[in-house]
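Encoded as structure tokens, the structure appears first; notes follow it.
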Amino acid sequence: RVLLASMFSLCTIYMAMGVVVALGFPDIDSGSVSAFLAQRDPSNRWLAMVNAMIGLAILCTFPLQMQPALMVLDKQRVAHRHHHNRHHHQGHRHGCSAWAAAGAVRSVAIRFGLVGGCVLVVLLVPELELLIALLGALCQASLAALP
């Protein structure tokens with residue numbers, strides 16, 4: 001019951017914020033209100049500082065944003081390791097530490113690969129905000145379809 005009330009409250013706050021921004025800036029053409037305001041008044045140092053702080057916050061929280069995907073990939077890696085140990089090391093324990101070390105290297109390589117892939121997308125897609133908006137719309141619709 002508390003979860004339902006919390007989710008309803010959060011949804012209401014988000015919708016109210018969206019309505020207020022839409023009413024206050026009907027001609028906004030950006031997904032970021034702070035970026036829109038900075039473009040509207042480029043000489044304003046406060047808006048530049050706000051944009052810099054938002055950029056820093058996104059940079060610092062990037063590993064946290066990647067965590068759900070990394071958790072799924074790590075679980076698949078662990079499941080593969082257990083399958084490998086069960087079928088290939090029946091009764092043999094000498095290779096387990098080497099397998100664990102190789103798993104750690106794979107985990108770090110996967111993380112670097114995901115971050116590198118994100119960097120490539122940023123560098124190769126000229127209108128990144130359109131891609132983000134498209135993926136957000138598609139993913140939200142898919143999540144809404146789940147029971």
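Values in this text are rule-based calculations from the coordinates and carry no lab data. Remember, it's a predicted structure, so these values are computed and weren't measured experimentally. Here Cβ is always computed from backbone atoms with ideal geometry, including for glycine, and neighbour counts include all displayed protein chains.
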task = Report the label-to-label distance for residue 104 and residue 67 in nanometres (one decimal), using points 7 Å from each Cα along the Cα→Cβ vector.
result = 2.2
query = By its C-alpha gyration tensor, with a ≥ b ≥ c as the square roots of the eigenvalues, how is region 20-67 shaped: rounded for a/c under 1.5, else prolate for a/b larger than b/c, else oblate?
reply = oblate
remark   = Under the Karplus relation with 6.51, -1.76 and 1.60 and θ = phi - 60°, whole-Hz ³J(HN,Hα) for region 53-67, x at Gly and Pro, equal 5, 5, x, 5, 5, 5, 4, 6, 9, 4, x, 5, 5, 7, 4
